[in-house]
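The values are calculated or read from the model by the stated rules, or taken from the named source; none is laboratory data. Just so it is clear, the model here is predicted, and its values are computed rather than measured. Note that each Cβ is placed from the backbone with ideal geometry, even for glycine, and that neighbours are counted across all protein chains shown. In case anyone asks, the SASA skips ligands and DNA or RNA and just uses the protein heavy atoms, side chains included. Shrake-Rupley method; radii C 1.70, N 1.55, O 1.52, S 1.80 Å.
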Amino acid sequence: MRGEGPRTGRVPLRRATCAALLACLLLIPGARAQSLSGKWAFSGPALMLDDGEVNKTVLELNQAGASLTGRLRGLGGSFGVSGTVNGKHFELFAPWDRESAFVVGDLVDGELHLSEWGSPLIGRPAKSDDEVPTVRYIEPPVLHTVPYNGLATTPPMGWNSWNLFQGKINDRTVREIADAMVASGMRDAGYVYVNIDDTWEGIRDARGFLQSNHKFPDMRALADYMHSRGLKLGIYSSPGPRTCAGYPGSYGHEEQDAGTFAAWGVDYLKYDWCSAGNIYSDAQLQAVYQRMGFALQSTARPMVFSLCEYGRGGVERWGSEVGGNLWRTTDDIRDEWPSMIANVERQVPAAPYAGPGHWNDPDMLEIGNGHMTDDEYRTHMSLWALVAAPLLAGNDIRNMTQATKDILLNRDVISVDQDALGKQASPRRDGDLETWVKLLSDGSVAVGVVNLGPAAKAAIVRAGDLGLAGVEKARDLWARREVTFAGGEYSASVPSHGVLLLRVSAK
Ligand code: GLA
């Protein structure tokens, strides 16, 4: 396996691990009931994908006294494990987190009883056919430029299921979200893509066609539902054999899956690296993404192509060459101030590569998910608009507070994000204040002053610093009122973690 690392192994293997661990645990022979050494195969309801496919995982363990070492293998890849045994109790740690065990369990009557994510699992000794299928290496294509598909002339806007719902998403919820997108005014404000993230995948039929699982009984009908409401449907897959949540990916089925998505009426594909990192190196990222880029275009159905590989391999330099309309520049966002700020700042070096048709993506919005203050969410929205980021809401649209609505539906802020020039602002730091300036197509500028500090601060915006000789008109986009530049400057107090966001036009 190549390219193994925390990012590639983490999520897929957590799920794969559970399944494999169960089966593996059952391997413990009665005669050696106190040793965990051996090969264990995991299977069982908690390790089963929807529609019955077992996410097979094999754990090989060596016990020496109280110490455990070993390797966990699944279709998503493999990683070394280590841990300890204390009486009948054991804990295993993965290489990317030495602090908290990813699995804990007990040896009970020759069985390993585990708990992962609150779900009980039972392990038995592996049988001879309990082996992870070998993944055939497929040489990626020679590099060729995929022509631009003409989509995403401004950053894509919509909603995505992952940030809030993760695996708890189904057809009914997606339809309810779609209805709420219409009723709340989100659609009319520009949020048109309704994107199903990971965990919709079922198994492949005898001819290799990927089915949706029981949570999504009829994707074609779901796409029709979206289209009848003026919305578009997005879907998710991986260039690897497994997605990040351990579901089947498009590896070896790229053209077939692109055809399936087109036949369903899908309008947008998020394509997430995940287990591809166990097969390919970062040097092969471009060719691997290019394969799906061509596959999508060969369907003749326009589909936005969203690259999700966490900014590896300088994706901003080649993302548009593979037909990408947006590419993640960072690891996953969390609904926390430090994560949100780190993600937007991490994409600063990629600024020159953003523009109409191809955007840097600091990840989906967390606005309304409850772990930041409204000031912080206003800053989140402002920064995403200033850096021309895709605006993919990640909250429960059916159930929004007025404050969340006011943030997501602020048309002035949306128009900064959606400006036709497509420039990505860059920051300038002065103590606790960080100022982002974005040139807009009508010659005006958007300027955001973010207070990164713990206390309110006075922000001063000077026309000269914005490259403007004089100010004709200025609007505070959150206060929703015109403001006056006196003597070429405007000053306002900005709360801790808040933002002053102005749109300023020159004389
Ligand atoms: C990765 C991606 C997330 C989400 C999950 C789904 O972590 O970065 O945005 O798609 O996979 O498993």
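For the residues MET364, MET372, the requirement of being open to solvent by less than 60 Å² (accessible area, probe 1.4 Å), closer than 14 Å to ASN163 by Cβ, within 13 Å of the ligand (Cβ to nearest atom) and assigned to a loop (DSSP other than H, G, I, E, B) singles out MET364. One residue stands out among those in segment 270-279 that are crowded, with 24+ Cβ neighbours inside 10 Å and on the phi < 0 side of the Ramachandran plot: the one that is farthest from the ligand (Cβ to nearest atom), which is ASN278.
Condition (residue is assigned to a helix (DSSP H, G or I) and β-branched (Val, Ile, Thr)) applied to segment 234-257: is it met by at least one residue? It would help to see each step written out before you state the result.
First, pick out the residues of segment 234-257 that are assigned to a helix (DSSP H, G or I): 254-257.
Right, trim to β-branched (Val, Ile, Thr) and you get none.
No: zero hits.
With the requirement that a residue be open to solvent by less than 10 Å² (accessible area, probe 1.4 Å) and not aromatic (Phe, Trp, Tyr), what does segment 340-360 give you? First the steps, then the outcome.
Within segment 340-360, the first condition is being open to solvent by less than 10 Å² (accessible area, probe 1.4 Å), and the residues that meet it are 340, 343-344, 347, 350, 355, 357, 359-360.
Correct list: MET340, ASN343, VAL344, GLN347, ALA350, GLY355, GLY357, ASN360.
Among the residues of segment 153-182, the one identified as small (Gly, Ala, Ser), more than 20 Å from ASN213 (Cβ to Cβ) and open to solvent by less than 10 Å² (accessible area, probe 1.4 Å) is GLY158. Taking (1) more than 16 Å from the ligand (Cβ to nearest atom); (2) in contact (Cβ under 8 Å) with a residue 24 or more places away in the chain in turn, VAL174 satisfies each apart from (1). Can you find, within segment 183-209, the residue that is surrounded by the most Cβ atoms within 10 Å (Cβ to Cβ) among those that are away from the ligand (no atom under 16 Å from the Cβ) and under 19 Å from ASP267 (Cβ atoms)? So the residue we want is MET186. Comparison of SER67, SER82, SER100, SER115 shows that the only residue that is surrounded by fewer than 20 Cβ atoms within 10 Å (Cβ to Cβ) and either touching a Gly at 6+ places or on another chain (Cβ under 7 Å) or at pLDDT below 80 (or both) is SER115.
Total residues in segment 232-250 satisfying the condition of being farther than 15 Å from ASP198 by Cβ and buried (at least 24 other Cβ atoms within 10 Å of the Cβ): the figure is 1.
So which residues in segment 377-411 are open to solvent by 20 Å² or more (accessible area, probe 1.4 Å) and part of a helix (DSSP H, G or I)? Across segment 377-411, the qualifying residues are ARG378, GLN402, ALA403, LYS405, ASP406, ARG411. Taken together, the residues in segment 304-335 that are open to solvent by 10 Å² or more (accessible area, probe 1.4 Å) and part of a helix (DSSP H, G or I) amount to 8. Condition check: within 15 Å of the ligand (Cβ to nearest atom) and either of a type in the set (Asp, Glu) or not in a loop (DSSP other than H, G, I, E, B) (or both). Does SER339 satisfy that? So SER339 fits the description; yes. If you go through segment 289-314 and pick out every residue that is within 16 Å of the ligand (Cβ to nearest atom) and under 17 Å from PRO155 (Cα atoms), you end up with 5.
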